[in-house]
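The values are calculated or read from the model by the stated rules, or taken from the named source; none is laboratory data. All values reported here derive from a predicted model rather than from experimental measurement. Cβ placement follows ideal geometry from the backbone for every residue including glycine, while neighbour counts extend to all protein chains displayed. The protein model used for the area step is the full one, side chains on, heavy atoms only, and it has no ligands, DNA or RNA in it. Shrake-Rupley method; radii C 1.70, N 1.55, O 1.52, S 1.80 Å.
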Amino acid sequence: MKISTLFESKDKTVFSFEVFPPKKDSPIESVYGRLEEICALSPDFVSVTYGAGGTGGHSRTCEIATKIKRDFGVESVAHLTCVNSTRQMIDETLEDFKQNGIENILALRGDYVPGVEPKRDFRYASELCAYIHAHGDFDVSGACYPEVHLESSDEVSDVLNLRKKVDAGAQHLISQLFFDNAVFYGFLQRAKIAGINVPVEAGIMPVTNKKQIERMVSLCGASLPPKFVKIMQKYESRPEALRDAGIAYAVEQIVDLIANGVDGIHLYTMNNPYVAQKITQAVKTLL
Ligand code: FAD
């Protein structure tokens, strides 16, 4: 099933999850139990990340996306990055996806890897979007950044570049995580002004431990509203309380987003079934 069809119903908010493959030195089966539990929550789809290096990462992404679709009965989306891939490598990956019945791809540029000279075949995700459409019958999604992509100089150029990605065939957008809904609403307005009319899912990351917060902020530059900082400071030395507070914060964000008519919620599950279950239970009647 192509995930674009999910957004056709205006009565329901799309609810999807993100998961990631295990590290290279762990057997792939090591995540299957957790992914099965996550899929048992019946999200509309599950997306599977792609190794940052882009080299050889596709087989695990493909294997897991295939497992989710065939064995766990949930539609899957395979992420695909291009900054470290040649055209031939992308062709091979697309062929692999095709052979395994993967119909949906989240097309990404990927981050530059320090010390690795990027390949020059694809400079931006927009070029990958166009290439995928020209080389197969895939549904293509793209990433967007409510707080502006880290390399962008300003909001205007960032949203104009996003428009190029949509024009190149991104049929649906998934946002970077954010902790302040006002930031997301501001982004939606800029996107509308720029003529971006495709569905946008809000990326929500339930923060459940202190290390995760530090990592997230340094990696994606998400700003932390005072309310969030207060909660995290209060519970930082009590892991269970911090986890529950992180879940409660994410639920509050989701309730507000749904009430404001968001197209979809994309939950960064961190492969954690407990957290995914708690949040799904709290919001499923609202979708
Ligand atoms: P692009 O859309 O190409 O944008 C990159 C930068 O270039 C931006 O600053 C943009 O404004 C600028 N730009 C774009 N087009 C032009 C143009 N024509 N001219 C000038 N400038 C331009 N990374 C992974 O390695 N694996 C994953 O699985 C993964 N999944 C992700 C999922 C989501 C939902 C999100 C939000 C991010 C994900 N990332 C992943 C991270 C992503 O790869 C990085 O954020 C990367 O730095 C940018 O990727 P992009 O596809 O958004 O790039």
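Where a Cα-Cα gap under 16 Å defines reach, which lysines qualify for LYS227, not counting those fewer than 8 residues away within the same chain?
LYS210
Nothing charged except the Cβ atoms of Lys and Arg (+1) and of Asp and Glu (-1): what's the magnitude of the dipole of the range 79-181 about its Cα centre? Round to the nearest 20 debye.
240 debye
Rolling a 1.4 Å sphere over the protein heavy atoms, what is the accessible area per residue of the chain, to the nearest Å²?
Computed with neighbouring chains in place, this is 47 Å² per residue.
Taking springs between alpha-carbon atoms closer than 10 angstrom, which of LEU257, LEU242, LEU219 fluctuates most in the Gaussian network model of the chain?
Its mean-square fluctuation being the largest, the pick is LEU219.
Only four residue types carry charge here, +1 at the Cβ of Lys and Arg and -1 at the Cβ of Asp and Glu. Report the dipole size of the chain about the Cα centre in Debye, rounded to the nearest 20.
Rounded to the nearest 20 debye, it is 500 debye.
Of LEU94, ASN272, VAL48, which is farthest towards the positive pole of the chain's charge dipole, taken about the Cα centre with +1 and -1 on the beta-carbons of Lys, Arg and Asp, Glu respectively?
Going by the Cα projections, it comes out as ASN272.
Could you please state how large a percent of the accessible area of the chain is carbon and sulfur, counting protein chains only and using a 1.4 Å probe?
52 percent
Using a 10 Å Cβ count of at most 15 others and DSSP loop calls, identify the longest part of the chain lacking such GluC sites (Glu not before Pro).
1-150
Holding the Cα-Cα limit at 22 Å, pick out from LYS165/LYS211; LYS12/LYS284; LYS2/LYS165; LYS67/LYS284 the pairs that are longer than that.
In this structure, LYS165/LYS211; LYS67/LYS284 lie more than 22 Å apart at Cα.
Of the candidates ASP44, ASP71, ASP158, which one comes out as most mobile in a Gaussian network treatment of the chain with C-alpha springs shorter than 10 Å?
ASP71
Which three lengths, in whole Å and largest first, does the range 38-154 cover when its Cα atoms are put on their principal axes?
Ordered largest first, the range 38-154 gives principal extents of 41, 33, 27 Å.
Highest GNM mean-square fluctuation, the chain, Cα pairs closer than 10 Å: which of ASN100, ASN209, ASN260?
Checking each option, the largest mean-square fluctuation is seen for ASN260.
Heavy atoms only, probe 1.4 angstrom, no DNA, RNA or ligands counted: give me HIS266, HIS135 ranked by accessible area, highest first.
Ranking HIS266, HIS135 by accessible area, largest first, yields HIS135, HIS266.
Compare the Cα positions of PHE7, ASN260, ASN197 along the charge dipole of the chain (+1 at Cβ of Lys, Arg; -1 at Cβ of Asp, Glu; about the Cα centre) and return the one farthest towards the positive end.
ASN260
Any idea what diffusion coefficient the chain gets from Stokes-Einstein, in µm²/s, Kirkwood Rh on alpha carbon pairs, 4 °C, 1.567 mPa s?
Estimated diffusion coefficient is 67 µm²/s.
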